[in-house]
Every structure is written in C-alpha cells, then in structure tokens.
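Q: Quick one: the structure is below, questions incoming.
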Amino acid sequence: AQSVTQPDIHITVSEGASLELRCNYSYGATPYLFWYVQSPGQGLQLLLKYFSGDTLVQGIKGFEAEFKRSQSSFNLRKPSVHWSDAAEYFCAVPTGANNLFFGTGTRLTVIP
Amino acid sequence: DTEVTQTPKHLVMGMTNKKSLKCEQHMGHRAMYWYKQKAKKPPELMFVYSYEKLSINESVPSRFSPECPNSSLLNLHLHALQPEDSALYLCASSQTRPGTEAFFGQGTRLTVV
C-alpha cells in the first residue's frame, strides 16, 4: 500500500534561512504526492502537488518540492523562511481513490 | 469558491448527548471525507462518500454516524461519545478523478466531558 514517512518530527530554523523538509514515499509506480500545511488549531492547506512530468513543482507561499524517484523522496524546500511559516507540515499520498494517507508531520519553528 | 465550511468551530458535549457536525462545499465535488485528528498526530480517515454514497468506513465505532443528504452537505452525527473521542474533526472534499487534491475545512474542535 502507498505510504509516506517524514523522518523529522521537529525542525527549527532562523528567519531568512533556507528550509528543507523530508518526505519519503513507498509505492511501486509513480505516485501522486502532496504537501499540506496546518497552522495550530486550523485545517489543512495545500501547498503543492506532484502528479507526473516536471519533477520540480512550484507551490504557494514560495515553496517548492522536488520528486526524486531514485531516492523515493519528495522533499519540500523554501529558500528564505518567514516567521509566518511556523506550522505543521504534512506530506500525503492518496490511497484507494483520493482519500489521503498522511505522514506523521514535521513541526517547524522559526526563530527571529 | 474553494471553501469547505464546517460548523460549529468548537463543541463541548457530555457522554449522553447527541450532536451533529456539519460540512458544506460548493465546488461541485462529488467526494467528501471525514478525518479525525488527535493532538500532535496526522489526520486519520474515518469515512468517504462518493456521489452521496458511503464508500469507505474505516472501522469507525457506531457512535459516529455519517450522512450525506446531498452533493454539497456532509454531516457527522455523534451519540454516546467517550472522552477519548475528543479531537479535531476535519471535513474535506475533492473531485472523484484520481490524484486530485482535497480541500479541507477549518475543523470542529470537539471536547467530550
């Protein structure tokens, strides 16, 4: 079955520094992959998605992600983090139809 | 309109109460979902409706009863809940075409006392 793992539970970065959040997927064929962000007590907002084609995907809020089949990874990146990026980030893969299996999440703390 | 609206935002209920959570979307999506999210955990799928028919029930206890009265509305009826059912309940919707993204509501924070 499709699944994703996020190895980092918590990451702290300084404002203005670059960011990379890791996501590894387990699936034989090329998967659909998503990154969602969740602010405390809020719902989830889609940052970006990968279906096929170009392996570098651009999303909202200045985020991008790169699909690497050889490494089974779909890491999220941002060149310069803002304090408002502090949140929980989830990588997800559809199972069955479009219901999602979420990774365990990475909590991002941004320090001034 | 890319919004999924959930009401209420917060709900406190006793273990003998009956309450309902509501979810509405006007994006023409024919798949709707209920997820449960405990603190510091990822969302977990509870139910999936496709074309107003229940297609997936992830072995959820019968004290949770979903309902999809039409293509825009999704309800979750709650009865005789336990304190461990306290969580954030998230509604989502999507097109039925594989690989399309799900849009989430802001959730209902449920506390069972």
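Q: Please verify whether B:E58 is over 30 Å from A:P31 (Cβ atoms), among the charged types (D, E, K, R) and surrounded by fewer than 16 Cβ atoms within 10 Å (Cβ to Cβ), treating the condition exactly as stated.
A: no
Q: Another one. Name every residue in the stretch B:8-26 that is surrounded by 14 or more Cβ atoms within 10 Å (Cβ to Cβ), touching a residue at least 60 places away in the same chain (Cβ under 8 Å) and over 15 Å from B:P83 (Cα atoms), in order of residue number.
A: Residues satisfying the conditions are B:L21, B:C23, B:Q25.
Q: Considering only the stretch B:52-70, I want to know if a residue exists there that is in contact (Cβ under 8 Å) with a residue 40 or more places away in the chain and part of a loop (DSSP other than H, G, I, E, B).
A: no
Q: Here is a follow-up. Counting just the residues of the stretch A:88-112 that are part of a strand (DSSP E or B) and β-branched (V, I, T), which one comes out surrounded by the most Cβ atoms within 10 Å (Cβ to Cβ)?
A: A:V93
Q: If you check A:R107, A:R22, which single one turns out to be among the basic types (K, R), touching a residue at least 12 places away in the same chain (Cβ under 8 Å) and within 14 Å of chain B (Cβ to nearest Cβ)?
A: Matching residue, one of A:R107, A:R22: A:R107.
Q: Can you tell me which residue among B:Y35, B:Y49, B:Y89 is over 26 Å from A:E88 (Cβ atoms), within 12 Å of chain A (Cβ to nearest Cβ) and touching a Leu at 6+ places or on another chain (Cβ under 8 Å)?
A: Just one listed residue meets the conditions, B:Y49.
Q: Applying the selection to the stretch A:40-77, what residues are within 28 Å of B:S86 (Cα to Cα) and in contact with a helix residue (DSSP H, G or I) (Cβ under 9 Å, 6 or more places away or on another chain)?
A: A:Q45, A:L46, A:L47
Q: Pick from the stretch A:53-87 the residues that are under 10 Å from the mean Cα position of the chain (by Cα) and under 13 Å from A:I11 (Cβ atoms): which of them is surrounded by the fewest Cβ atoms within 10 Å (Cβ to Cβ)?
A: Once the filter is applied, the top-ranked residue is A:R77.
Q: Let me ask another. From B:F64, B:F104, which residue is within 19 Å of A:F101 (Cα to Cα), surrounded by 16 or more Cβ atoms within 10 Å (Cβ to Cβ) and of a type in the set (F, W, Y)?
A: Answer to the selection: B:F104.
Q: Residues in the stretch A:34-44 that are without any contact (Cβ under 8 Å) to a residue 12 or more places away in the chain and surrounded by fewer than 18 Cβ atoms within 10 Å (Cβ to Cβ): how many?
A: Going through the stretch A:34-44 one residue at a time, the tally reaches 2.
Q: Please give the number of the condition A:P31 fails out of (1) of a type outside the set (V, I, T); (2) touching a residue at least 24 places away in the same chain (Cβ under 8 Å); (3) more than 10 Å from every other protein chain (Cβ to nearest Cβ); (4) assigned to a loop (DSSP other than H, G, I, E, B).
A: (3)
Since every read-out is calculated from the coordinates, none of them should be taken as a lab result. Computed from a predicted model, the values in this text were never measured in an experiment. Virtual Cβ from ideal backbone geometry, glycine too; neighbours counted across all protein chains shown.
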